[in-house]
Structures are given as structure tokens and as C-alpha cells.
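Student: Here it is, the structure, as C-alpha cells.
The values are calculated or read from the model by the stated rules, or taken from the named source; none is laboratory data. This structure is a prediction, so every number in the text was calculated from the model and none was measured. Here Cβ is always computed from backbone atoms with ideal geometry, including for glycine, and neighbour counts include all displayed protein chains. SASA here: full protein model, heavy atoms, side chains in, ligands and nucleic acids out. Shrake-Rupley method; radii C 1.70, N 1.55, O 1.52, S 1.80 Å.
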Amino acid sequence: MTEHTDHGLAWIGHHADDSRGGVSGMRGSISLTAIRGADPIEFLVRMGADRDVLERGVPYKDIAAQWSPQEYKDWQCMFGTSGEWTFLLEDFLCATWYLDWIEEVGDAMPRRGEELVCVTLNRHQAPAKLLYSPGDGEVWSMGIGEESLLDYPGRDDPTGKVAALDEALGRAGVVWHGEDLLPRVFGTVGEHLGLRLPRPEIEAGLLPAAGLPDPTQ
């Protein structure tokens, strides 16, 4: 769980307060959404992306050169796959999927059989949040540094997956008002869920791009 590993996710948290810093892709201020059990293109379409743009596979670094004005939406992201996971990365205020959740955009919500995790920095409204759906269509959330995933009295966790992730976060030292919380959260999410991201390709902007609408507008 070190900053310098290519595939561990802790580096995302270490650079949470950094600007783009001259890279063609993303290095700092990254929010992550990942889903397992859904087709990558279909999930992005459910979030409002244009299918034809997705299927063209324009690299993130080439958006300005290859997208027409009509292909821009409110937020630009890059996406890719890691094993069974599809992941979306955004380096603006927060994760668009988090806004979809707040606005109850039904098509974007995880369905039964779809496991989803979202770590959103929420630059517009602290705190940063971790959201997790274990595959039963339910979504659990926590304010990073304020609470745990299980702070829902009386709510059932029939899959046991929420408790398992919460326990992994606890072992990693993600406690109230602790230090280095974001590196610990990103690192634990990657390790516990088996999610690996190609850091060099992310920083170089080589992953395909998508445009997503702002559900609050």
C-alpha cells in the first residue's frame, strides 16, 4: 500500500490534494467509481454517456482533438476494466455516480448482481465519502473520517460483504479523524475488492474517455 506502486490504489489518496501537474491524464483529485457484474458500455450509457462516443474509444488525452462540440457533456471521465470490474475516474469536484445516487437516477443505480464501490472526494461539500453496494441492490455510505459503513442501526447486511469491507477498513486504520485517511481508504478498497488500476496509463491519459451529464442540472 505504497505511493509508488503502479497497481495499488493508495497513490490516488496520496495525490488527492494535487492539481493535474502537467500530466496528459489524471494524477490528483481523483474520485473513483467501479462496478462488477455490468457491461462497461451499458453501465456508462445508463449514466448518460453517448454509446457512439464510447465505442469510438477516444483516449482521454485526445478529447480536445477528436471530440466534436456536441460530444462534450458536463463532466469528462476516463474508464477501463480491471478483471471483472469496470472503473470510472474523474478529477473534478466529485464522482458523477455519487450525484446520480443523490438525485435518485434509477438507471445508474446498481442492480441485483452488480457490486459497486465509489470513493468520491466531494470537493464541493465535505466530507469525502465511500459508498458500497454488495450486489443486492442496496447502497451503504460513510463519511470518511466521520463514521463507518455499519453506522445504520437496525439495517441488515444479508450478504456479509458490507461488514467484511468495514472490517478491512478498520484493520487499515481508517478510524475517526485519523491521519492519511484517503490513502488508506483507496488502498483498502483496491486490496479488499481486487481492483487494480494502471497508474502510468491513467497519468498519460491513454484510457478511453466518456462524457457524463450532471444529474443536478
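Student: Considering only the range 192-213, state which residues are small (Gly, Ala, Ser) and open to solvent by 30 Å² or more (accessible area, probe 1.4 Å).
Tutor: The answer is 194, 204.
Student: Now, a different point. Keeping to the range 143-163, report how many residues are within 17 Å of residue 115 (Cα to Cα) and under 19 Å from the mean Cα position of the chain (by Cα).
Tutor: Final tally of qualifying residues: 3.
Student: Let me ask something else about it. What's the number of the condition residue 150 fails, among (1) at pLDDT 95 or above; (2) in contact with an Asp or Glu (Cβ under 9 Å, 6 or more places away or on another chain)?
Tutor: Answer for residue 150: the failing condition is (1).
Rundown of residues vs (1) touching a residue at least 60 places away in the same chain (Cβ under 8 Å); (2) charged (D, E, K, R); (3) over 22 Å from residue 30 (Cα atoms), yes/no style:
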{"residue": "169", "(1), (2), (3)": "no, no, no"}
{"residue": "173", "(1), (2), (3)": "no, no, no"}
{"residue": "186", "(1), (2), (3)": "yes, no, no"}
{"residue": "199", "(1), (2), (3)": "yes, yes, no"}
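Student: I've got another one for you. Look through the range 168-191, keep the residues that are in contact with a helix residue (DSSP H, G or I) (Cβ under 9 Å, 6 or more places away or on another chain) and acidic (Asp, Glu), and return whichever of them is surrounded by the fewest Cβ atoms within 10 Å (Cβ to Cβ).
Tutor: It comes out as 180.
Student: Within the range 51-84, take every residue that is more than 19 Å from the chain's Cα centre (by Cα) and polar (S, T, N, Q) and give me the one that is most open to solvent (accessible area, probe 1.4 Å).
Tutor: So, considering only residues that are more than 19 Å from the chain's Cα centre (by Cα) and polar (S, T, N, Q), the one most open to solvent (accessible area, probe 1.4 Å) is 70.
Student: Let me ask something else about it. Would you check if residue 57 is in contact with a Ser or Thr (Cβ under 8 Å, 6 or more places away or on another chain) and at pLDDT 95 or above?
Tutor: Answer is no for this residue.
Student: So which residues in the range 92-115 are surrounded by fewer than 20 Cβ atoms within 10 Å (Cβ to Cβ) and either in contact with a strand residue (DSSP E or B) (Cβ under 8 Å, 6 or more places away or on another chain) or aliphatic (A, V, I, L, M) (or both), if there are any at all?
Tutor: 92, 93, 102, 105, 109, 114 - these are the residues of the range 92-115 that are surrounded by fewer than 20 Cβ atoms within 10 Å (Cβ to Cβ) and either in contact with a strand residue (DSSP E or B) (Cβ under 8 Å, 6 or more places away or on another chain) or aliphatic (A, V, I, L, M) (or both).
Student: I'd like the residue in the range 128-162 that is in a loop (DSSP other than H, G, I, E, B) and among the aliphatic types (A, V, I, L, M) and, out of all such residues, is surrounded by the fewest Cβ atoms within 10 Å (Cβ to Cβ).
Tutor: Step by step, filter the range 128-162, then rank; the result is 139.
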